[in-house]
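The values are calculated or read from the model by the stated rules, or taken from the named source; none is laboratory data. Note that the structure is a prediction, hence the values are computed from the model and not measured. Cβ sites come from the backbone with ideal geometry, for glycine too, and all protein chains shown count toward neighbours. Just so you know, the surface numbers come from the protein's heavy atoms only, side chains and all, with ligands and any DNA or RNA stripped out. Shrake-Rupley method; radii C 1.70, N 1.55, O 1.52, S 1.80 Å.
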Amino acid sequence: MKRIAVLTSGGDAPGMNACIRAVVRTALNNNLDIYGVERGYAGLVKGEITRLGSRSVSDMIHKGGTFLKTARCPEFKDLEAQKQAADALSAFGIEGLVVIGGDGTFRGAKDLSDNFGIKVMGIPGTIDNDLAYTDYTVGFDTAVNTVLWAISNLRDTMHSHDRVCLLEVMGRHCGDIALYAGVAGGAEYVLVPEIPYDLDEIASSIKKSYMRGKTSNMMILAEGAGNRDEIAAYVQEKSGINVKVTNFGYIQRGGSPSMVDRVYAARFGYKAVELLMNDSESLAIGIKDNKVITVPFDEVSKAHKNFDKKLYNIAQILSL
Ligand code: F6P
């Protein structure tokens, strides 16, 4: 293999730039030509492909977002769009592709591989940590740390006013951001899509805690676990205590990547190029028990993510 390309797709995640850098520098170190595709599959379909060099990724390792840009591309489900993408790669003489993104990105990778025989390596890059085959995705650690910063700020003001705070965080259908931020931030209540919760119980527990002299409580709500305004209104009504809602939104998607995300980015990017060099079949790269692993794309879509119930129980015990 002489010429490869890299793209980022789906929601951006901190560490994507560090990962592109790892791919580019590893490729150059192995005398491969390396190209960047702009705006993910949407750009690939349009042939938005440019040559990258070592300096293209200078001063990138610490930056959030993705300098190659990203996009959601529902049209990529169509064979015609995939064909255009395959044609664009072939026009540039590109034989292998590294894609960085979440489950939608991996679906596109599998389609390109299955339908057009392109060698594609998938690197998990999403703040959601919602891919079952890997312990962590690039971006998750940074997002949780950013949420922790928000929790600390909220604690200051909520405590001063004796208020209950409901902080909504992202994660789509996955509660990992809420769970990890909840544990690390000492939240009293963590509401996730994976575990049913009882708002009457929560309201009554908040009321009791006030009677014991605890005047401020923090609820972390994963976006997939319910409507923040309805939940807050219900708990306020039942407990008689003021509940203030904060939707943290896109702030948690940006920012300089943490050490953890940068190191995963480096290890995954290096592995992706190594696999392409070895003419491996198309694979998804991940991490299990701190070892870099690879799995076929088929297994990625079949695997069902296990929610960490033990950690959830710990969160509950520690919040008493
Ligand atoms: O997948 C990352 C994520 O931020 C999810 O947590 C969230 O549900 C979604 O993307 C938001 O998507 P968009 O950027 O298209 O609004």
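I'd like to check something: does region 87-96 contain any residue that is within 16 Å of the ligand (Cβ to nearest atom), aliphatic (A, V, I, L, M) and open to solvent by less than 70 Å² (accessible area, probe 1.4 Å)? Don't jump to the end; show me each part of the working.
Here is the first cut: in region 87-96, the residues within 16 Å of the ligand (Cβ to nearest atom) are none.
No, because not a single residue in region 87-96 is within 16 Å of the ligand (Cβ to nearest atom), aliphatic (A, V, I, L, M) and open to solvent by less than 70 Å² (accessible area, probe 1.4 Å).
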Worksheet item: Give me the pairs: first residue in region 1-26 and among the acidic types (Asp, Glu), second residue surrounded by fewer than 24 Cβ atoms within 10 Å (Cβ to Cβ), beta-carbon distance under 7 Å, and six or more apart or on different chains, which are they?
Response: Asp12/Gly65; Asp12/Arg253
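How many residues are of a type outside the set (A, V, I, L, M, F, W, C), in a helix (DSSP H, G or I) and open to solvent by 20 Å² or more (accessible area, probe 1.4 Å) if we restrict to region 27-49?
Kept after step one, since they are of a type outside the set (A, V, I, L, M, F, W, C), are these residues of region 27-49: 29-31, 33, 35-36, 38-41, 43, 46-48.
With the extra rule that they be in a helix (DSSP H, G or I), the set shrinks to 29, 40-41, 43.
Right, trim to open to solvent by 20 Å² or more (accessible area, probe 1.4 Å) and you get 29.
Looking only at that region, the number is 1.
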Worksheet item: Conditions: (1) outside any helix (DSSP H, G or I); (2) open to solvent by 50 Å² or more (accessible area, probe 1.4 Å); (3) of a type outside the set (S, T, N, Q); (4) within 14 Å of Asp308 (Cα to Cα). Tyr180 meets all but one. Number of the miss?
Response: (1)
Worksheet item: Within region 105-153, can you find the residues that are open to solvent by 20 Å² or more (accessible area, probe 1.4 Å), part of a helix (DSSP H, G or I) and away from the ligand (no atom under 15 Å from the Cβ)?
Response: Lys110, Asp111, Ser113, Asp114, Asn115, Phe116, Asn145, Leu148, Trp149, Ser152, Asn153
Discussion item. Here is a list: Ile123, Ile118, Ile61, Ile100. Which entry is in contact (Cβ under 8 Å) with a residue 60 or more places away in the chain and farther than 25 Å from Arg262 by Cα?
Written reply: Ile118
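Would you be able to say whether some residue in region 184-193 is acidic (Asp, Glu) and away from the ligand (no atom under 16 Å from the Cβ)?
So the first thing to find is which residues in region 184-193 are acidic (Asp, Glu), and the list is 188.
Next, only the ones that are away from the ligand (no atom under 16 Å from the Cβ) stay: 188.
Checked region 184-193: at least one residue is acidic (Asp, Glu) and away from the ligand (no atom under 16 Å from the Cβ).
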Practice prompt. Please enumerate the residues belonging to region 50-86 that are surrounded by 18 or more Cβ atoms within 10 Å (Cβ to Cβ), within 16 Å of the ligand (Cβ to nearest atom) and assigned to a helix (DSSP H, G or I).
Written response: Phe76
Discussion item. Restricting to region 154-168, count the residues that are within 14 Å of the ligand (Cβ to nearest atom) and out of contact with any Asp or Glu (no Cβ under 7 Å at 6 or more places or on another chain).
Written reply: 0
Worksheet, complete the sentence: Taking region 187-225 and the residues there that are closer than 17 Å to Asp308 by Cα and not hydrophobic (A, V, I, L, M, F, W, C), the one that is surrounded by the fewest Cβ atoms within 10 Å (Cβ to Cβ) would be Pro196
